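Q: Have a look at this one.
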Amino acid sequence: MPRDEIGATPFAVQPQGKLIGAEISQIDLTQPLPDSVFDAVSETFDQYSVVVFRDQDLTGEQRIAFSKRFGPLQINVRSEFNNPRHPEIYTVSNILKDGKPIGSQDAGRYWHSDLCYLEKPTKASMLYAIEVPRREGASLGDTVFASARAAYDDLPQDMKQRLEGLRAVNSYNAMFDRKAAQFGVRPKLNDEAKSKYPKDAIHPVIRTHPNTGEKCIYVCEGYTTQILDIPEAESRELLEFLFAHVTQPKYQYRHSWRKADLLMWDNCAVQHLASFDYAPLHRHMERTTVEGSVPY
Ligand code: OGA
Ligand code: MN
(Lines give C-alpha, C1' and ligand atoms only; values in the text may rest on other atoms or scores of the structure.)
(Ligands and ions follow the chains in the order given, each with its own letter.)
Protein backbone atom coordinates (compact mmCIF):
# COMPACT_ATOMS: atom_id res chain seq x y z
CA MET A 1 0.00 0.00 0.00
CA PRO A 2 1.39 3.49 -0.79
CA ARG A 3 2.59 5.23 2.34
CA ASP A 4 0.20 8.15 1.94
CA GLU A 5 -2.71 5.72 2.26
CA ILE A 6 -1.21 4.51 5.52
CA GLY A 7 -1.06 8.15 6.56
CA ALA A 8 2.61 7.87 7.46
CA THR A 9 4.32 10.10 4.92
CA PRO A 10 5.39 13.62 5.79
CA PHE A 11 4.44 14.63 2.20
CA ALA A 12 1.71 13.78 -0.32
CA VAL A 13 2.12 11.05 -2.96
CA GLN A 14 -0.01 11.01 -6.09
CA PRO A 15 0.54 7.98 -8.34
CA GLN A 16 0.75 9.02 -12.02
CA GLY A 17 0.92 5.88 -14.10
CA LYS A 18 -0.34 2.32 -13.69
CA LEU A 19 3.04 0.75 -12.97
CA ILE A 20 5.51 3.56 -12.45
CA GLY A 21 5.44 7.29 -11.75
CA ALA A 22 4.28 9.40 -8.80
CA GLU A 23 4.18 13.04 -7.86
CA ILE A 24 5.50 13.99 -4.45
CA SER A 25 4.10 17.27 -3.17
CA GLN A 26 4.05 19.27 0.05
CA ILE A 27 7.79 19.02 0.33
CA ASP A 28 10.43 21.73 0.06
CA LEU A 29 13.71 20.62 -1.46
CA THR A 30 15.44 23.96 -0.88
CA GLN A 31 16.09 22.83 2.70
CA PRO A 32 17.97 19.70 3.78
CA LEU A 33 15.37 17.01 4.53
CA PRO A 34 15.37 15.44 7.99
CA ASP A 35 16.55 11.80 7.82
CA SER A 36 13.05 10.44 8.41
CA VAL A 37 11.63 12.48 5.51
CA PHE A 38 14.53 11.54 3.26
CA ASP A 39 14.01 7.84 4.09
CA ALA A 40 10.34 8.15 3.17
CA VAL A 41 11.28 9.80 -0.16
CA SER A 42 13.69 6.93 -0.85
CA GLU A 43 11.01 4.34 -0.12
CA THR A 44 8.52 6.14 -2.36
CA PHE A 45 11.16 6.28 -5.09
CA ASP A 46 11.81 2.53 -4.79
CA GLN A 47 8.10 1.91 -5.03
CA TYR A 48 7.29 4.10 -8.06
CA SER A 49 10.67 4.20 -9.89
CA VAL A 50 9.92 7.66 -11.36
CA VAL A 51 8.96 10.55 -9.10
CA VAL A 52 8.41 14.23 -9.81
CA PHE A 53 8.64 17.15 -7.43
CA ARG A 54 6.78 20.09 -9.03
CA ASP A 55 7.36 23.82 -8.54
CA GLN A 56 10.76 23.43 -6.95
CA ASP A 57 12.73 26.63 -7.33
CA LEU A 58 16.20 25.15 -6.86
CA THR A 59 19.73 26.38 -7.36
CA GLY A 60 22.38 24.04 -8.73
CA GLU A 61 23.86 23.74 -5.23
CA GLN A 62 20.51 22.72 -3.79
CA ARG A 63 20.02 20.06 -6.46
CA ILE A 64 23.52 18.74 -5.86
CA ALA A 65 22.91 18.62 -2.09
CA PHE A 66 19.64 16.71 -2.53
CA SER A 67 21.10 14.30 -5.12
CA LYS A 68 24.12 13.55 -2.93
CA ARG A 69 21.89 12.17 -0.21
CA PHE A 70 21.37 9.15 -2.50
CA GLY A 71 25.07 8.50 -3.08
CA PRO A 72 28.17 9.87 -4.82
CA LEU A 73 27.55 11.96 -7.93
CA GLN A 74 28.98 11.11 -11.32
CA ILE A 75 30.85 13.49 -13.60
CA ASN A 76 29.77 12.95 -17.20
CA VAL A 77 32.46 11.90 -19.67
CA ARG A 78 31.27 14.53 -22.17
CA SER A 79 32.91 17.20 -20.06
CA GLU A 80 32.22 20.08 -22.48
CA PHE A 81 28.59 20.03 -21.25
CA ASN A 82 29.37 19.87 -17.56
CA ASN A 83 28.66 23.07 -15.68
CA PRO A 84 32.05 24.81 -15.24
CA ARG A 85 31.40 25.69 -11.60
CA HIS A 86 29.63 22.43 -10.73
CA PRO A 87 30.90 19.61 -12.94
CA GLU A 88 28.36 17.23 -11.36
CA ILE A 89 25.69 19.12 -13.32
CA TYR A 90 25.31 18.03 -16.95
CA THR A 91 23.45 20.27 -19.39
CA VAL A 92 20.79 18.81 -21.70
CA SER A 93 19.73 21.59 -24.04
CA ASN A 94 19.21 22.58 -27.66
CA ILE A 95 20.25 26.19 -27.01
CA LEU A 96 23.24 27.50 -28.97
CA LYS A 97 25.46 30.27 -27.64
CA ASP A 98 27.60 32.05 -30.26
CA GLY A 99 26.61 29.24 -32.62
CA LYS A 100 27.86 26.55 -30.27
CA PRO A 101 25.77 24.04 -28.29
CA ILE A 102 25.72 24.64 -24.53
CA GLY A 103 24.49 21.14 -23.75
CA SER A 104 23.82 17.72 -25.16
CA GLN A 105 21.27 18.13 -27.95
CA ASP A 106 20.62 14.46 -28.53
CA ALA A 107 20.39 12.95 -25.03
CA GLY A 108 17.73 10.25 -24.88
CA ARG A 109 17.37 9.68 -28.64
CA TYR A 110 17.20 5.92 -28.08
CA TRP A 111 15.65 3.97 -25.21
CA HIS A 112 18.34 3.60 -22.58
CA SER A 113 19.43 3.42 -18.99
CA ASP A 114 21.83 6.18 -17.93
CA LEU A 115 25.57 5.50 -17.95
CA CYS A 116 25.09 1.72 -18.30
CA TYR A 117 28.41 1.77 -20.21
CA LEU A 118 30.22 2.21 -16.88
CA GLU A 119 31.22 -0.54 -14.47
CA LYS A 120 29.13 1.29 -11.87
CA PRO A 121 26.19 2.74 -13.80
CA THR A 122 23.80 5.41 -12.59
CA LYS A 123 21.41 4.48 -9.80
CA ALA A 124 19.23 7.58 -9.90
CA SER A 125 19.11 10.50 -12.36
CA MET A 126 17.60 13.87 -11.42
CA LEU A 127 16.59 16.10 -14.30
CA TYR A 128 15.56 19.68 -13.58
CA ALA A 129 13.46 21.67 -16.05
CA ILE A 130 14.69 25.22 -16.60
CA GLU A 131 13.00 25.90 -19.94
CA VAL A 132 10.16 23.76 -21.28
CA PRO A 133 8.95 24.27 -24.86
CA ARG A 134 5.24 24.98 -25.21
CA ARG A 135 2.97 25.23 -28.24
CA GLU A 136 -0.73 26.04 -28.21
CA GLY A 137 -0.95 25.70 -24.45
CA ALA A 138 0.67 22.26 -24.30
CA SER A 139 4.19 21.37 -23.25
CA LEU A 140 6.45 19.53 -25.67
CA GLY A 141 9.57 17.42 -25.21
CA ASP A 142 8.02 14.77 -22.96
CA THR A 143 10.21 12.07 -21.49
CA VAL A 144 8.84 8.53 -21.68
CA PHE A 145 9.70 5.79 -19.18
CA ALA A 146 9.15 2.04 -19.39
CA SER A 147 9.15 -0.41 -16.50
CA ALA A 148 11.99 -2.89 -17.04
CA ARG A 149 10.75 -4.70 -13.94
CA ALA A 150 7.17 -5.26 -15.14
CA ALA A 151 8.53 -6.22 -18.56
CA TYR A 152 10.74 -8.85 -16.93
CA ASP A 153 7.85 -10.19 -14.83
CA ASP A 154 5.74 -10.72 -17.95
CA LEU A 155 8.35 -12.77 -19.82
CA PRO A 156 7.38 -16.38 -20.41
CA GLN A 157 9.08 -18.80 -18.02
CA ASP A 158 11.19 -20.43 -20.75
CA MET A 159 12.50 -17.01 -21.84
CA LYS A 160 13.41 -16.17 -18.23
CA GLN A 161 15.37 -19.40 -18.08
CA ARG A 162 17.08 -18.71 -21.38
CA LEU A 163 18.24 -15.29 -20.17
CA GLU A 164 19.41 -16.46 -16.76
CA GLY A 165 23.15 -15.89 -16.33
CA LEU A 166 23.63 -14.19 -19.73
CA ARG A 167 25.80 -11.08 -19.92
CA ALA A 168 25.87 -8.30 -22.49
CA VAL A 169 28.18 -5.58 -23.78
CA ASN A 170 27.14 -1.95 -23.20
CA SER A 171 29.06 0.49 -25.34
CA TYR A 172 29.46 4.26 -25.10
CA ASN A 173 31.43 4.42 -28.35
CA ALA A 174 28.87 2.41 -30.32
CA MET A 175 26.16 4.83 -29.15
CA PHE A 176 28.34 7.84 -30.02
CA ASP A 177 29.05 6.60 -33.57
CA ARG A 178 25.42 5.81 -34.17
CA LYS A 179 24.20 9.21 -33.02
CA ALA A 180 26.94 11.00 -34.97
CA ALA A 181 25.85 9.23 -38.16
CA GLN A 182 22.12 9.58 -37.58
CA PHE A 183 21.62 13.08 -36.14
CA GLY A 184 24.73 15.02 -37.12
CA VAL A 185 25.06 17.00 -33.90
CA ARG A 186 28.09 15.03 -32.69
CA PRO A 187 31.52 15.01 -34.27
CA LYS A 188 32.81 11.80 -35.83
CA LEU A 189 35.51 10.56 -33.46
CA ASN A 190 38.92 9.29 -34.44
CA ASP A 191 40.55 6.44 -32.50
CA GLU A 192 42.44 8.77 -30.21
CA ALA A 193 39.28 10.66 -29.22
CA LYS A 194 37.48 7.34 -28.71
CA SER A 195 40.18 6.05 -26.42
CA LYS A 196 39.37 8.90 -24.02
CA TYR A 197 35.81 7.70 -23.60
CA PRO A 198 34.89 4.72 -21.40
CA LYS A 199 35.61 1.20 -22.56
CA ASP A 200 32.61 -1.08 -23.00
CA ALA A 201 31.06 -2.52 -19.83
CA ILE A 202 29.74 -6.03 -19.40
CA HIS A 203 26.57 -6.39 -17.32
CA PRO A 204 23.97 -9.08 -16.72
CA VAL A 205 21.09 -9.12 -19.21
CA ILE A 206 18.74 -9.49 -16.25
CA ARG A 207 19.80 -7.66 -13.11
CA THR A 208 18.50 -7.68 -9.57
CA HIS A 209 17.43 -4.38 -8.05
CA PRO A 210 19.77 -3.72 -5.12
CA ASN A 211 17.01 -2.27 -2.90
CA THR A 212 13.86 -4.17 -3.85
CA GLY A 213 15.39 -7.49 -4.93
CA GLU A 214 13.21 -7.47 -8.06
CA LYS A 215 14.57 -8.60 -11.40
CA CYS A 216 14.75 -6.12 -14.28
CA ILE A 217 15.69 -6.31 -17.95
CA TYR A 218 19.03 -4.52 -18.26
CA VAL A 219 19.74 -4.42 -21.98
CA CYS A 220 18.75 -1.30 -23.90
CA GLU A 221 18.56 -0.20 -27.49
CA GLY A 222 20.81 2.79 -26.87
CA TYR A 223 23.91 1.04 -25.59
CA THR A 224 23.70 -2.77 -25.65
CA THR A 225 25.51 -4.19 -28.65
CA GLN A 226 25.84 -7.91 -27.99
CA ILE A 227 25.00 -10.78 -25.67
CA LEU A 228 28.14 -12.75 -24.91
CA ASP A 229 28.84 -16.47 -25.36
CA ILE A 230 26.00 -17.18 -27.78
CA PRO A 231 26.03 -17.04 -31.60
CA GLU A 232 25.89 -13.52 -33.05
CA ALA A 233 22.58 -14.18 -34.84
CA GLU A 234 20.97 -15.43 -31.64
CA SER A 235 22.29 -12.41 -29.74
CA ARG A 236 20.78 -10.07 -32.33
CA GLU A 237 17.44 -11.87 -32.27
CA LEU A 238 17.25 -11.88 -28.46
CA LEU A 239 18.23 -8.21 -28.20
CA GLU A 240 15.67 -7.18 -30.79
CA PHE A 241 13.00 -9.12 -28.95
CA LEU A 242 13.93 -7.59 -25.58
CA PHE A 243 14.17 -4.01 -26.90
CA ALA A 244 10.69 -4.29 -28.42
CA HIS A 245 9.28 -6.06 -25.38
CA VAL A 246 10.44 -3.62 -22.71
CA THR A 247 9.33 -0.49 -24.59
CA GLN A 248 5.71 -1.53 -25.15
CA PRO A 249 3.16 1.20 -24.32
CA LYS A 250 1.63 -0.92 -21.54
CA TYR A 251 4.83 -0.55 -19.50
CA GLN A 252 5.14 3.20 -20.03
CA TYR A 253 4.67 6.41 -18.10
CA ARG A 254 4.93 9.62 -20.12
CA HIS A 255 6.12 12.68 -18.26
CA SER A 256 4.77 15.99 -19.46
CA TRP A 257 7.14 18.66 -18.19
CA ARG A 258 6.53 21.91 -16.40
CA LYS A 259 9.21 24.45 -15.63
CA ALA A 260 10.72 23.83 -12.15
CA ASP A 261 9.98 20.08 -12.19
CA LEU A 262 12.64 17.96 -10.58
CA LEU A 263 12.14 14.49 -12.03
CA MET A 264 13.99 11.52 -10.66
CA TRP A 265 14.18 8.02 -12.12
CA ASP A 266 15.59 4.65 -11.20
CA ASN A 267 17.91 3.39 -13.95
CA CYS A 268 17.62 -0.24 -12.89
CA ALA A 269 13.82 -0.35 -12.76
CA VAL A 270 13.10 1.79 -15.84
CA GLN A 271 14.45 2.76 -19.25
CA HIS A 272 13.71 6.14 -20.81
CA LEU A 273 13.41 8.03 -24.10
CA ALA A 274 13.21 11.74 -24.93
CA SER A 275 10.75 13.22 -27.45
CA PHE A 276 12.08 15.56 -30.14
CA ASP A 277 8.91 17.35 -31.19
CA TYR A 278 9.76 20.95 -30.25
CA ALA A 279 12.44 22.42 -32.56
CA PRO A 280 12.97 25.32 -33.12
CA LEU A 281 11.64 26.03 -29.60
CA HIS A 282 14.10 25.89 -26.74
CA ARG A 283 14.32 23.14 -24.16
CA HIS A 284 16.85 23.47 -21.37
CA MET A 285 17.42 20.99 -18.54
CA GLU A 286 20.14 20.19 -16.04
CA ARG A 287 20.90 16.73 -14.71
CA THR A 288 22.72 15.15 -11.82
CA THR A 289 23.39 11.41 -11.70
CA VAL A 290 24.02 9.25 -8.64
CA GLU A 291 26.45 6.38 -8.92
CA GLY A 292 25.06 2.93 -8.20
CA SER A 293 26.64 -0.42 -7.43
CA VAL A 294 28.05 -2.96 -9.89
CA PRO A 295 24.99 -4.70 -11.43
CA TYR A 296 24.40 -8.36 -10.46
C1 OGA B 1 18.87 12.20 -19.68
C2 OGA B 1 17.93 11.93 -20.77
C3 OGA B 1 15.85 12.70 -21.63
C4 OGA B 1 15.16 13.99 -21.89
O5 OGA B 1 19.03 13.38 -19.33
O6 OGA B 1 19.43 11.24 -19.16
O7 OGA B 1 17.90 10.84 -21.30
O8 OGA B 1 13.95 13.94 -22.08
N9 OGA B 1 17.09 12.92 -21.03
O10 OGA B 1 15.83 15.03 -21.92
MN1 MN C 1 19.19 9.45 -20.11
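The values are calculated or read from the model by the stated rules, or taken from the named source; none is laboratory data. Keep in mind it's a predicted model, so treat the numbers as computed, not measured. Positions of Cβ are backbone-derived with ideal geometry, glycine not excepted, and every protein chain shown enters the neighbour counts. For accessibility, only protein heavy atoms count, side chains too; no ligands or nucleic acids. Shrake-Rupley method; radii C 1.70, N 1.55, O 1.52, S 1.80 Å.
Q: If I build a Gaussian network model for the chain, linking alpha-carbon pairs within less than 10 angstrom, which residue out of GLY21, GLY99, GLY108 has the largest mean-square fluctuation?
A: The residue that fluctuates most here is GLY99.
Q: With the chain treated as a Gaussian network of Cα nodes joined by springs under 10 Å, which of PRO231, PRO121, PRO198 yields the largest mean-square fluctuation?
A: Of PRO231, PRO121, PRO198, the most mobile in the Gaussian network model is PRO231.
Q: Then there's this: How high is the relative contact order of segment 55-183? Use alpha-carbon pairs under 8 Å, at least six apart in sequence, and give a whole percent.
A: Numbers: 78 pairs, mean separation 16.7, N = 129.
Here the relative contact order equals 13 percent.
Q: Please work out the average accessible area per residue across the chain, using the 1.4 Å probe convention, and give it in Å². Walk me through the numbers before you get to the answer.
A: On the way: 13570 Å² over 296 residues.
Result: 46 Å² of accessible area for each residue.
Q: For segment 3-291, what number results from the quotient of the Cα radius of gyration and 2.2 N^0.38 Å? Show your work: numbers first, answer last.
A: Values: Rg = 18.8 Å, N = 289, 2.2 N^0.38 = 18.9 Å.
Segment 3-291 yields a ratio of 0.99.
Q: For segment 40-103, run through the trypsin sites (Lys or Arg not before Pro) and keep only the ones in DSSP coil with at most 10 other Cβ atoms within 10 Å of their Cβ. Can you show the working numbers first?
A: On the way: sites: ARG54, ARG63, LYS68, ARG69, ARG78, ARG85, LYS97; in loops: ARG54, ARG69, ARG78, ARG85.
Counting only loop positions with at most 10 other Cβ atoms within 10 Å, the trypsin sites (Lys or Arg not before Pro) in segment 40-103 are ARG85.
Q: Which whole-number percent gives the relative contact order of segment 3-291, counting Cα pairs below 8 Å spaced six or more residues apart?
A: The normalised contact order for segment 3-291 reaches 32 percent.
Q: Separation of segment 41-89 and segment 214-281 by C-alpha centroid, Å?
A: Using only Cα atoms, the two centres lie 20 Å from each other.
Q: Next question. Where in segment 190-213 does the label zone of GLU164 land, with the point 7 angstrom along Cα→C-beta and an amide N cut-off under 16 Å?
A: Of the residues in segment 190-213, 205-208 have backbone N under 16 Å from the label point off GLU164.
Q: Okay, moving on. GLU192 to GLU43: extension gain in nm, 0.36 nm per residue of separation minus the Cα-Cα distance?
A: Details: separation 149, 0.36 × 149 = 53.64 nm, distance 4.37 nm.
Once the chain is fully extended between GLU192 and GLU43, it gains 49.3 nm.
Q: Around HIS209, which amide H atoms from residues at least 5 apart in sequence, or from another chain, sit under 5 Å from its own amide H, with H modelled in the peptide plane?
A: HN-HN under 5 Å from HIS209: GLU214, LYS215, CYS216.
Q: Write out the GluC sites (Glu not before Pro) in segment 121-210 meeting two conditions: DSSP loop, and at most 11 other Cβ atoms within 10 Å of their Cβ.
A: Numbers: sites: GLU131, GLU136, GLU164, GLU192; in loops: GLU136, GLU164.
Qualifying residues, ordered by number: GLU136, GLU164.
Q: Between ARG135 and ALA181, with labels modelled 7 Å along Cα→Cβ, what's the label distance in nm to one decimal, could you check?
A: About 2.9 nm separates the two model spin labels.
Q: Would you compute, from DSSP H runs of 4+ residues alone, the mean residue ellipticity of the chain at 222 nm, taking -39500 (n - 2.57) per run and dividing by the full residue count, rounded to the nearest 500? Before the final figure, lay out the partial values.
A: Values: 8 runs with 73 residues, N = 296.
My calculation for the chain gives -7000 deg cm²/dmol from helical runs alone.
Q: Also, quick follow-up: Using θ = phi - 60° and the Karplus relation 6.51 cos²θ - 1.76 cosθ + 1.60, list the HN-Hα couplings for segment 214-225 in order, rounded to whole Hz, with x at every Gly or Pro.
A: So the Karplus estimates, Gly and Pro as x, are 7, 8, 9, 6, 10, 10, 9, 4, x, 10, 7, 9 Hz.
Q: Further question: If R₀ is 41 angstrom, what is the calculated FRET efficiency for the pair ASP98 and SER25, using the beta carbon separation as r and rounding to 0.05? Could you put the intermediate results ahead of the total?
A: Numbers: r = 40 Å, r/R0 = 0.97.
So the FRET efficiency works out to roughly 0.55.
Q: Which of the trypsin sites (Lys or Arg not before Pro) found in segment 136-201 are in a DSSP loop and have at most 11 neighbouring Cβ atoms, other than their own, within 10 Å? Write out the running numbers ahead of the final one.
A: Values: sites: ARG149, LYS160, ARG162, ARG167, ARG178, LYS179, LYS188, LYS194, LYS196, LYS199; in loops: LYS188, LYS199.
The qualifying sites are LYS188.
Q: If you don't mind, another one. Residues with beta-carbon under 10 Å from that of SER125, excluding SER125: net charge, scoring Lys, Arg +1 and Asp, Glu -1?
A: Details: positive: LYS123, ARG287; negative: ASP114, ASP266.
Residues close to SER125 contribute a combined charge of 0.
Q: Output wanted: per-residue J couplings in Hz (rounded whole) for segment 77-94, from phi through Karplus 6.51 cos²θ - 1.76 cosθ + 1.60, θ = phi - 60°, x for Gly and Pro.
A: 5, 8, 5, 5, 9, 7, 4, x, 7, 10, x, 6, 9, 10, 8, 10, 7, 10
Q: Could I ask something else about it? What translational D, rounded to a whole number of µm²/s, comes out for segment 168-296 from Stokes-Einstein when the hydrodynamic radius is the Kirkwood one over Cα pairs, at 20 °C and 1.002 mPa s?
A: Numbers: Rh = 17.1 Å.
Answer from the Stokes-Einstein relation: 125 µm²/s.
Q: Ignoring ligands, DNA and RNA, please state the percent of accessible area on the chain from carbon and sulfur, probe 1.4 Å.
A: Roughly 49 percent of what the probe reaches on the chain is carbon or sulfur.
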